[in-house]
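Take a look at the structure below.
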Amino acid sequence: MDAKQKLTPGALYGLLGYRLRLAQQAVFRDFAVSVPGLSPGRVGLLIFIDANPGVTQSRLAEAVERDRSTMVGVLDQLEARSLIKRRRGEDRRTNGLWLTRAGCTLLARALRGIARHEKRIAARLSAAERRQLLELLGRISG
């Protein structure tokens, strides 16, 4: 076999997990160009916090299906970048989360990049196919 010859994927191409992974890699590569300096996960957290001002760390971890201890480290990083702020919650045992002015500014810029990104990655799909893909992915993810 020639070293430059493309490998045959065999049974891989028929596996949903494999095809989803290839699609995810393509989406993440384009996302990194569109929204430099932020991962999709970090942007997702900022969007959740923006849509739910004062959300607790534990509710946010639950919403994004992450371990609470992992979430603390990620939130520490966002706080260190002055993108979010924590405030003591109503019951004094919980912290609520809010975007800072810098967080709002960064999120607005990220959302503009995401809009361009979404347009590029969906360019090969009709509007109906895009809706169908979202619905099918929703079924898979539960």
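Read-outs: derived from the displayed coordinates by stated rules, not from any lab. Predicted model, so just to flag it, every value in this text is computed and none were measured. Don't worry about glycine lacking a Cβ; one is built from the backbone with ideal geometry, like all the others, and counts go over all protein chains shown.
Points to keep in mind about this one:
- Restricting segment 55-131 to trypsin sites (Lys or Arg not before Pro) in coil, as DSSP defines it, with at most 16 other Cβ within 10 Å: R66, R81, R92, R93, R124
- Degrees, to the nearest 10: 16-34 long Cα axis against longest axis of the chain: 60
- Per-residue extension of 0.36 nm, minus the Cα-Cα distance of A3 and S141, leaves a gain of 45.9 nm for this segment.
- Calculated mean residue ellipticity, 222 nm, the chain: -20000 deg cm²/dmol, from DSSP H runs (n ≥ 4) at -39500 (n - 2.57) each, averaged per residue and rounded to 500.
- Build a GNM of the chain with springs between Cα atoms under 10 Å apart, and of G17, G54, G103 the one that fluctuates most is G17.
- Listed candidates (1) 19, 17, 15; (2) 35, 18, 16; (3) 24, 21, 17 - label of the one calculated as semi-axes √(5λ) of the Cα gyration tensor in Å: (2)
- Rounded tilt (10° steps) of 127-141 against the dominant C-alpha axis of the chain: 70
- Low-density loop cleavage sites - GluC sites (Glu not before Pro) in segment 15-108, where at most 14 other Cβ are within 10 Å (DSSP): E65, E90
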